[in-house]
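Let me begin by presenting the structure, written as structure tokens, before commenting on it.
Read-outs throughout are calculated quantities, based only on the coordinates presented, and are distinct from any laboratory measurement. Every value quoted in this text rests on a predicted model; they were computed, and no experiment measured them. Quick reminder, even Gly has a Cβ in these numbers, built from the backbone with ideal geometry, and neighbours come from all protein chains shown.
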Amino acid sequence: KDDDPAKYALVVDLARLPELIHPIDRITEKPKRVLQRVHAQERIQKVQEVDIKCIIDLARRPGSVLAEKAGAKQRILAIKRTEKINILENRVTKHCCSLAAKAAKRYLNEHEKININKSPRKKMVLKLFKESKRLPLKSTFSDVVNLLEPCRQPNYTLMQNADYYKVWKAYIQLVKNEDLRADLWQWNRRMWADYMGLFLSDILFAFQKKM
């Protein structure tokens with residue numbers, strides 16, 4: 001209904017600031033963290049928690065009292081709680097940025113000849129492309145690794161947290177879009193294989209007829 005020369009697309013909706021860029025900005029600035037229990041050598045004075053594994057390790061050490069068993073460094077095996085941000089909701093957010101940047105780049109390439117000053121859609125998509133590249137690179141988000149394959153099942157945080165839910169809604173649309181494109185390319189390759197089969201058959205038939 002407007003005079004924008006660039007076509008309407010899914011990525012245009014996602015490029016609106018409140019839809020994806022703002023939620024991802026807040027998430028990457030202060031990502032959700034969980035406490036993880038790990039076994040590690042800890043100084044005796046700082047030990048807060050032990051389990052059966054720690055007790056067995058202590059019992060196997062030489063010595064009759066704790067100070068002797070702790071050795072020269074005065075350390076024993078104990079449970080430490082460390083913060084972890086490499087969790088599903090943050091990995092989905094990072095993958096969403098990758099898919100959004102990919103979709104935005106594809107859109108920009110399709111509208112390369114359109115003047116960006118005359119197209120609000122192209123301008124928004126360009127901003128989405130830049131932010132999708134920049135936001136995951138924040139130092140506060142550096143410990144999050146990429147997903148090996150698209151996430152199909154959300155967890156509690158992705159469904160209940162306001163910012164993560166916006167990311168999840170955009171993510172499932174982007175994943176579906178990539179799945180559809182992959183299916184289309186499969187049909188394209190199949191059609192090409194069928195065409196080549198018919199082409200070779202026609203050549204062989206013509207050659208046989210000529211002989």
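Would you mind getting me the FRET efficiency between ARG33 and ARG134? Use the beta-carbon distance for r and R0 = 30 Å, nearest 0.05.
Here the calculated transfer efficiency is 0.85.
In angstroms, what radius of gyration and Dmax does the range 33-74 have, counting Cα atoms only?
Final numbers for Rg and Dmax: 11.7, 40 Å.
Quick query: amide H of LEU147 versus all other amide H atoms, modeled in the peptide plane; which residues come in under 5 Å with a sequence gap of 5 or more or a different chain?
Long-range HN contacts for LEU147: HIS95.
Restricting to DSSP loop positions (anything but H, G, I, E, B) with no more than 11 other Cβ atoms inside 10 Å of their own Cβ, which trypsin sites (Lys or Arg not before Pro) remain in the range 38-92? Mind showing how you got there, number by number?
Working: sites: ARG43, LYS46, LYS53, ARG60, LYS69, LYS73, ARG75, LYS80, ARG81, LYS84, ARG91; in loops: LYS73.
Taking the range 38-92 and a limit of 11 other Cβ atoms within 10 Å, the loop trypsin sites (Lys or Arg not before Pro) found are LYS73.
Taking GluC sites (Glu not before Pro) as exposed when DSSP calls them loop (any state but H, G, I, E, B) and at most 14 other Cβ atoms lie within 10 Å, what is the longest stretch of the chain free of them, the sites themselves excluded? Walk me through the numbers on the way to the answer.
Values: sites that count: GLU49, GLU112.
Formally, the longest exposed-site-free interval is 113-211.
Dipole of the range 34-102, Cα-centred, from +1 at each Lys and Arg C-beta and -1 at each Asp and Glu C-beta, to the nearest 20 debye? Show your work: numbers first, answer last.
Numbers: 15 positive and 7 negative charges, 42 e Å.
Around 200 debye, computed over the range 34-102.
What's the angle, to the nearest 10 degrees (0 to 90), between helix 120-134's Cα axis and the longest principal axis of the chain?
30 degrees
Set the Förster distance to 45 Å, then compute FRET efficiency between THR82 and TRP187 from the Cβ-Cβ distance, nearest 0.05.
Numbers: r = 48 Å, r/R0 = 1.08.
It comes to 0.40.
What dipole magnitude, in Debye to the nearest 20, does the chain give about its Cα centre under +1 on Lys/Arg Cβ and -1 on Asp/Glu Cβ? Mind dumping the intermediate values first?
Values: 43 positive and 25 negative charges, 105 e Å.
Result for the chain is approximately 500 debye, rounded to the nearest 20.
May I have the extent of the alpha carbons of the range 1-117 along their three principal axes, as whole Å values ordered from largest to smallest?
Over the range 1-117, Cα extents along the principal axes are 85, 22, 22 Å.
Given C-alpha coordinates of the chain, what is the ratio Rg to Rh with the Kirkwood estimate of Rh?
Rg/Rh: 1.27.
Please give the contour-minus-distance gain from TYR156 to ASP194: 0.36 nm per residue of separation, less the Cα-Cα distance, rounded to one decimal in nm. Provide the component values of the computation, followed by the final result.
On the way: separation 38, 0.36 × 38 = 13.68 nm, distance 4.65 nm.
So the extension gain works out to 9.0 nm.
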